[in-house]
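The values are calculated or read from the model by the stated rules, or taken from the named source; none is laboratory data. As the structure is a prediction and not an experimental result, all values here were calculated from the model. Cβ placement follows ideal geometry from the backbone for every residue including glycine, while neighbour counts extend to all protein chains displayed. Just the protein is used for accessible areas: all its heavy atoms, side chains included, with ligands, DNA and RNA removed. Shrake-Rupley method; radii C 1.70, N 1.55, O 1.52, S 1.80 Å.
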Amino acid sequence: MTAFVIPNAIQMTTRQAKYTFASFLSRDTTYDVIANIWRLARPDDTHELPDSRNTSARDMASITTSVSEGCVKESPVPRTNKMTHCGCSRSGGHLSELALETVLPGTPDKIYNLMFASGFIKDFMKVDQKLADVQISDWAPIGQTSKLLQRNMSYIKPLNNSVGPRQTKCEIHDEAVHCDFEDHVVMLTSTRTPDVPSGGVFIVKTRTCLMWASSITTRVIVTTQVEWTGRSFIKGLIEKSAIEGQKVYHSDLDKAMRMYIQEHQAEFIPEGLDPTAVAPVEPLTPLAEVIGGPEGPISAEEARKARERDRNRRGMQWAYDTFDGAYHVAERSTKGALELVKEAWEQSSSTTILWFVIVLLVLSNVWTLALVGNREEVGRRKVMKLAEEKERWLQGVIAGVWEELAAERARAGGGVSVPLASVPVGDMQAEVTNMGKALDAVEQRVRTIRDSLEGLS
């Protein structure tokens with residue numbers, strides 16, 4: 001299927017069968033090698049093998065190549081100063097952040113194969129980026145009648161954060177937005193990271209545009225941004241980390257691609273052309289100008305405050321995620337219980353429903369009795385406690401009166417004798433009677449003293 005869109009397949013037809021070989025990084029070079037071997041083995045049949053340099057990339061991609069029959073169309077002579085622009089540049093469709101802008105040796109189809117459909121990109125992900133469990137699906141049409149392709153990819157990415165998970169699973173979806181190797185190619189990549197905080201409410205979008213910078217070079221523009229589908233307390237932190245990760249990844253990819261092209265010049269640089277003519281060039285728009293230049297160094301105190309703010313935001317996000325998850329679990333559990341009760345009610349007979357109502361009423365009465373009994377018990381305990389406090393207060397008053405009477409007797413040097421020891425402490429009635437007798441004695445003593453005073457006067 002990709003042979004009709006991407007020039008990376010060769011089909012060999014014999015009298016008995018057809019053999020198709022796909023996923024060539026440089027299909028034309030491979031074809032030339034096969035043709036040379038064929039010419040050496042069958043010099044009489046060389047007129048049937050056209051040279052791949054006399055065919056265009058579009059013709060080679062739209063037809064199958066037969067070793068026994070030369071059916072490749074001849075292409076026009078390429079322009080010396082070919083330059084195209086992507087539709088995003090004309091319509092303002094680039095994303096908000098610039099991750100990479102550079103010019104690479106090679107035509108757009110070769111750079112496309114290098115970035116999306118080659119063994120190089122797999123080795124780069126596994127070896128250079130240290131990604132684990134890389135799973136890449138085959139390219140498939142977006143629609144039944146569409147020539148644009150899409151694929152899915154997943155891998156485990158290690159994280160170097162001091163707080164949070166040590167690794168995360170990344171789910172990638174690549175799809176072709178526009179594919180015309182004679183003009184430009186636009187690829188849209190969507191990245192999800194469900195294992196990180198708030199991973200279910202944002203997607204990292206990356207748009208890769210390939211276009212002709214000259215007849216032998218390709219201009220690559222990569223833009224990116226974070227799209228949100230929900231709320232997050234660490235939105236700024238996530239956007240900063242995601243954008244910075246995209247810039248670092250594509251910077252490493254640019255260096256790796258230049259090194260690979262330097263080691264395989266024959267696949268990207270036409271024969272007879274001076275390699276220095278397509279030496280690595282600087283980006284047309286330096287990244288430092290786009291992002292406002294490098295920031296100056298920050299102090300240790302500012303770094304500490306920034307880490308503290310990030311930690312607080314992560315804590316708030318964790319609390320929000322926990323509450324939100326608990327709420328949804330409770331909601332699902334309640335709905336499930338109600339559905340079970342509803343199904344049981346609909347499938348039950350009238351007798352079963354009557355027994356269910358009786359059991360419900362009995363349980364309700366038992367619960368009510370238990371609640372009322374608990375309340376009565378609490379009331380009785382309060383009454384008993386108040387009675388005990390009243391008794392202790394009265395005992396204290398009586399003891400104080402007896403002490404006052406004893407002190408008065410001691411000052412008078414005699415008088416009415418009241419046997420304190422004979423008063424039982426625990427008998428309140430006896431204590432009240434004795435108190436009345438004591439008061440009567442005190443009154444008698446006061447009258448005697450008053451009469452004595454009157455006699456003296």
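Taking VAL196, is it outside any strand (DSSP E or B), aliphatic (A, V, I, L, M) and closer than 25 Å to MET316 by Cβ? Taking the combined requirement at face value, the residue satisfies it. Scanning the range 123-136 for residues that are assigned to a helix (DSSP H, G or I) and within 20 Å of LYS169 (Cβ to Cβ) returns PHE124, MET125, LYS126, VAL127, ASP128.
Annotation: LEU95 fulfils all but one of (1) touching an Asp or Glu at 6+ places or on another chain (Cβ under 6 Å); (2) modelled with pLDDT of 90 or more; (3) not hydroxyl-bearing (Ser, Thr, Tyr); the unmet one is (1).
Looking only at the range 212-235, residues that are modelled with pLDDT of 85 or more, in a loop (DSSP other than H, G, I, E, B) and surrounded by fewer than 16 Cβ atoms within 10 Å (Cβ to Cβ) come to 1 in all.
Candidates are the residues of the range 122-136 that are on the phi < 0 side of the Ramachandran plot and touching a residue at least 24 places away in the same chain (Cβ under 8 Å); the one that is most open to solvent (accessible area, probe 1.4 Å) is ASP128.
Consider the range 16-31 and keep the residues that are of a type outside the set (Ser, Thr, Tyr) and out of contact with any Leu (no Cβ under 8 Å at 6 or more places or on another chain). The one that is most open to solvent (accessible area, probe 1.4 Å) is GLN16. Reported count of residues in the range 335-354, each being of a type in the set (S, T, N, Q), open to solvent by 80 Å² or more (accessible area, probe 1.4 Å) and within 46 Å of the chain's Cα centre (by Cα), is 1. For THR193, the conditions (1) modelled with pLDDT of 90 or more; (2) open to solvent by less than 30 Å² (accessible area, probe 1.4 Å) all hold with the exception of (1). Taking the criterion of being crowded, with 21+ Cβ neighbours inside 10 Å and either touching a residue at least 60 places away in the same chain (Cβ under 8 Å) or among the hydroxyl-bearing types (Ser, Thr, Tyr) (or both), the residues of the range 199-210 that qualify are THR206, THR208, CYS209, LEU210.
Here is a yes/no grid of residues against (1) among the aromatic types (Phe, Trp, Tyr); (2) open to solvent by less than 40 Å² (accessible area, probe 1.4 Å); (3) assigned to a loop (DSSP other than H, G, I, E, B):
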residue: ASP138; (1), (2), (3): no, no, yes
residue: THR145; (1), (2), (3): no, no, yes
residue: MET153; (1), (2), (3): no, yes, no
residue: THR168; (1), (2), (3): no, yes, no
residue: HIS178; (1), (2), (3): no, no, no
residue: THR189; (1), (2), (3): no, yes, no
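Within the range 91-121, the set of residues being open to solvent by 40 Å² or more (accessible area, probe 1.4 Å), over 27 Å from the mean Cα position of the chain (by Cα) and within 30 Å of THR168 (Cα to Cα) comprises GLY119 only. Among the residues of the range 37-56, those that are surrounded by 12 or more Cβ atoms within 10 Å (Cβ to Cβ) and either modelled with pLDDT of 70 or more or of a type in the set (Gly, Ala, Ser) (or both) comprise TRP38, SER52, SER56.
When we screen VAL423, VAL372, VAL418, VAL357 for residues that are modelled with pLDDT of 80 or more, more than 30 Å from LYS342 (Cα to Cα) and open to solvent by less than 70 Å² (accessible area, probe 1.4 Å), the only hit is VAL372. Just to verify a result, which residue in the range 237-254, among those that are open to solvent by 50 Å² or more (accessible area, probe 1.4 Å) and over 13 Å from the mean Cα position of the chain (by Cα), is farthest from ILE111 (Cα to Cα)? The selected residue is LYS240.
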